[in-house]
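Okay, so here's the structure we're looking at.
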Amino acid sequence: MTVQELIPSMELTVFHLAQPERPVAGGYAGDLLSWVISRAGQDCAWLTIMSNQNVAAVALMADVSCIILTEGVQPDADLLRRSREKAVNLLGTSLDTFSAACRLGKALA
Amino acid sequence: METIRLVYPVEGGDLIEAGEASSKMKLTLKKLGLPQDVIRRASICMYEGEINMVIHADGGQAEVEVEMDQIVIRMIDSGPGIPDVEQAMQEGYSTAGSTARELGFGAGMGLPNMKRYSDEMTIDTEVGKGTTVTVKIKIPQ
């Protein structure tokens, strides 16, 4: 499944879509950036409520396919700017992290 | 292939801007056509090193050598040094302040992550003088 296909399937909000054709190979949920960079797998969709601009750098380094901000969290202006600069896919959902993870799991099944 | 040397300054102070050096290196490694997994591991190591430098040493310098069969990354700073390297290598041990923690860092994962994602890691440190962390990432032939 690609990021482009995941968007309607999870009814995601698009904040920035730089690489729609990136494959989504799995998921990871976490807010502690140190943990995320250590544990998130390549090409996974990353669910988080963190919205500072370091999130874009972590997404780039860990090579995740997209960031999904959960709980209706809006990206701060710097995160949005940095996602554009770094060509990072930045999406959102009003679902809480658990429900979003379940939805993602179903979409990928 | 001749060895390619890259040097990136790491600005101190502002953690929110950290990651610029790693981002630039990642782009360069991509252009060199290295395997995706090698690029990912090198980027993670350098990013963790960069974050450490910003939090603990007010910046420093990253020197990267891309050789035929490996990437060598040296993170060099003139910070306070690490009094107990063994303790610093323990997952969960951190001396980072509250600002770093609020941003999602300072979980005591930086050096352990660098070890985890590299093939070889050495730490040269002297209290009051500074620290050089060197990681090597092998390029599968």
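Only a single item in (1) modelled with pLDDT of 95 or more; (2) touching a helix residue (DSSP H, G or I) at 6+ places or on another chain (Cβ under 8 Å); (3) within 14 Å of chain A (Cβ to nearest Cβ); (4) open to solvent by 50 Å² or more (accessible area, probe 1.4 Å) is not met by residue B:39, and it is number (4). Apart from one condition, residue A:80 fits all of (1) open to solvent by 10 Å² or more (accessible area, probe 1.4 Å); (2) closer than 20 Å to residue B:14 by Cα; (3) within 12 Å of chain B (Cβ to nearest Cβ); (4) of a type in the set (A, V, I, L, M); the exception is (3). Within region B:84-103, the residues that satisfy the criterion of being within 17 Å of the chain's Cα centre (by Cα) and within 10 Å of chain A (Cβ to nearest Cβ) are B:91, B:94, B:96, B:100.
Restricting B:68, B:109, B:121 to those that are open to solvent by less than 30 Å² (accessible area, probe 1.4 Å) and either farther than 29 Å from residue B:36 by Cα or not charged (D, E, K, R) (or both) reduces the list to B:109. Residues that are within 10 Å of chain B (Cβ to nearest Cβ) and in contact with a strand residue (DSSP E or B) (Cβ under 9 Å, 6 or more places away or on another chain) were ranked within region A:6-32; the one that is most open to solvent (accessible area, probe 1.4 Å) is A:31. Applying a threshold of 8 Å to beta carbon distances and a minimum spacing of six or more residues, or different chains, the list of pairs starting in region B:104-124 at a residue that is within 8 Å of chain A (Cβ to nearest Cβ) and ending at one that is among the aromatic types (Phe, Trp, Tyr) and outside any strand (DSSP E or B) reads B:107/A:35; B:108/B:93; B:109/A:35. Might you check whether a residue that is at pLDDT 95 or above, farther than 22 Å from residue A:55 by Cβ and surrounded by fewer than 14 Cβ atoms within 10 Å (Cβ to Cβ) occurs anywhere in region B:56-63? Within region B:56-63, not a single residue is at pLDDT 95 or above, farther than 22 Å from residue A:55 by Cβ and surrounded by fewer than 14 Cβ atoms within 10 Å (Cβ to Cβ). Of the set (1) away from chain A (no Cβ under 12 Å); (2) closer than 19 Å to residue B:12 by Cα; (3) surrounded by 15 or more Cβ atoms within 10 Å (Cβ to Cβ), all apply to residue B:128 but (3). Filtered by the rule that a residue be among the small types (Gly, Ala, Ser) and more than 12 Å from the chain's Cα centre (by Cα), region A:1-39 gives A:9, A:18, A:25, A:34, A:38.
Determine whether region A:38-46 contains at least one residue that is more than 14 Å from every other protein chain (Cβ to nearest Cβ) and either surrounded by 15 or more Cβ atoms within 10 Å (Cβ to Cβ) or within 18 Å of residue B:24 (Cα to Cα) (or both). Within region A:38-46, one or more residues are more than 14 Å from every other protein chain (Cβ to nearest Cβ) and either surrounded by 15 or more Cβ atoms within 10 Å (Cβ to Cβ) or within 18 Å of residue B:24 (Cα to Cα) (or both). Among the residues making up region B:7-48, those that are in contact (Cβ under 8 Å) with a residue 60 or more places away in the chain and touching a Leu at 6+ places or on another chain (Cβ under 9 Å) are B:15, B:16, B:38, B:42, B:48.
The values are calculated or read from the model by the stated rules, or taken from the named source; none is laboratory data. These numbers were taken from a predicted model, which means no experiment stands behind them. As a convention, Cβ positions derive from the backbone with ideal geometry for all residues, glycine included, and neighbour counts pool all protein chains shown. All accessible areas refer to the heavy atoms of the entire protein, side chains included, with ligands and DNA or RNA removed. Shrake-Rupley method; radii C 1.70, N 1.55, O 1.52, S 1.80 Å.
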